[in-house]
Amino acid sequence: MLYFENSHCERCGHTLGFLERTARLETLVPVGGNVWSPLGAPRASERYRFCANANVQVCNWLVDADGNANLCRACSLNQIIPDLRVFGNQDRWRKLESAKHRLVYSLLKLKLPLYSKAEDAWRGLAFEFLGDPNPRFREGPAVMTGHLNGIVTLNIAEADDAERERQRATMAEPYRTLLGHFRHEVGHYYWAQLVAPSQWVQPFRDLFGDERTDYEQALDTYYAGAAGPWQTQYVSAYASSHPWEDWAETWAHYLHIVDVLETAYAYGISIRPRAGRSADLTTRADFDAYRMSDFDALVQAWLPLTYAMNSINRSMGQPDLYPFVLASPVLDKLRFVHNVIRQSRSSKEAAV
């Protein structure tokens, strides 16, 4: 049994590395000089090195041995990493990269445009992992997790489980994870890339609301507790604060759905409850969700899976794994995200 983050097989002893070209974890054999080749590779010329960040055990992705890149696609998006001289920061960075690499995997599988700032200073995506200044000296403001002009900033305190749980309880959020943060913030980036400069703007406003509404005032209203009920229109309370946040929350939720369904597909999961034969409770994950063009098929597979996952968690005395209810307007918004992504994918494939 192998997991996405593995770099070594405990059973056979082989070294493992993630290869972007095949989008899978490859079994590797040494060629010499820190160069590796996939076991049974059809071309003898397939030679790879590990990303430079493998040296500090935060990455298991491969780069072309004959190329100029030292960093893999995921790590090349970093502009600022945690200060590794600070105790505990290497472990925090490892957790951050694990989540970020899963995000990048999803973006690649969905064939979304993905550029680093080095490749395209205007349209590129970048990540900055920052820590709060020393509170003893009060050096500057606290680091805020967020997105601005293609730069996603993440407070590395989110990599501490206890601190993240404290924030989750303080913010009254049923769900708060590193991967969720990455998916949400990159949603803002793709709104600017795929919606703002396109014919999707007016349909977006019809469905999510007018993003030209004062953003700071909307957030002040939300944090003052004056936003009102949200359950029938939004995927989360925070989504009700402003159309931009509604989009980002819905975008993140879409990535949750397709990634979990792909995992269910990989495991061959099917659900047929003995308690009843209702079609609403039955599913068979027999397709790759990342390639599915039919949104209704995603939803029909997703909802029964969430019922089962929540029941299993409750059997372990844990809160619901999936603490959400998808009202009809939320499904319409998820369908919109799905269509935007599918059109972007079709445009990219047509350009190749």
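The values are calculated or read from the model by the stated rules, or taken from the named source; none is laboratory data. Predicted model only: the values in this text are computed from it and were never measured. Neighbour counts are summed over all protein chains in view; Cβ atoms, including those assigned to glycine, are modelled from backbone coordinates with ideal geometry. The protein model used for the area step is the full one, side chains on, heavy atoms only, and it has no ligands, DNA or RNA in it. Shrake-Rupley method; radii C 1.70, N 1.55, O 1.52, S 1.80 Å.
Values for this structure:
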read-out: Residues that are of a type in the set (S, T, N, Q) and not in a loop (DSSP other than H, G, I, E, B), drawn from the range 64-114; value: S76, N78, Q79, N89, Q90, S98, S106
read-out: Residue ID - nearest to Q300 (Cα to Cα), chosen from residues in the range 249-275 that are among the small types (G, A, S) and open to solvent by 20 Å² or more (accessible area, probe 1.4 Å); value: S270
read-out: Residue tally, condition in contact (Cβ under 8 Å) with a residue 24 or more places away in the chain and more than 24 Å from the chain's Cα centre (by Cα), over the range 32-69; value: 5
read-out: Residue under evaluation I151, criteria (1) of a type in the set (V, I, T); (2) under 18 Å from the mean Cα position of the chain (by Cα); (3) farther than 17 Å from S76 by Cα; (4) surrounded by fewer than 19 Cβ atoms within 10 Å (Cβ to Cβ), criterion not met; value: (3)
read-out: So E46, is it farther than 14 Å from F18 by Cβ, charged (D, E, K, R) and in contact with a strand residue (DSSP E or B) (Cβ under 6 Å, 6 or more places away or on another chain); value: yes
read-out: Elements of type helices (runs of 4 or more DSSP H) in the range 159-248, at least 1 residues being open to solvent by 50 Å² or more (accessible area, probe 1.4 Å) and over 21 Å from D332 (Cα atoms); value: 161-170, 215-223
read-out: Selection count, the range 265-287, where residues are assigned to a helix (DSSP H, G or I) and touching a helix residue (DSSP H, G or I) at 6+ places or on another chain (Cβ under 6 Å); value: 1
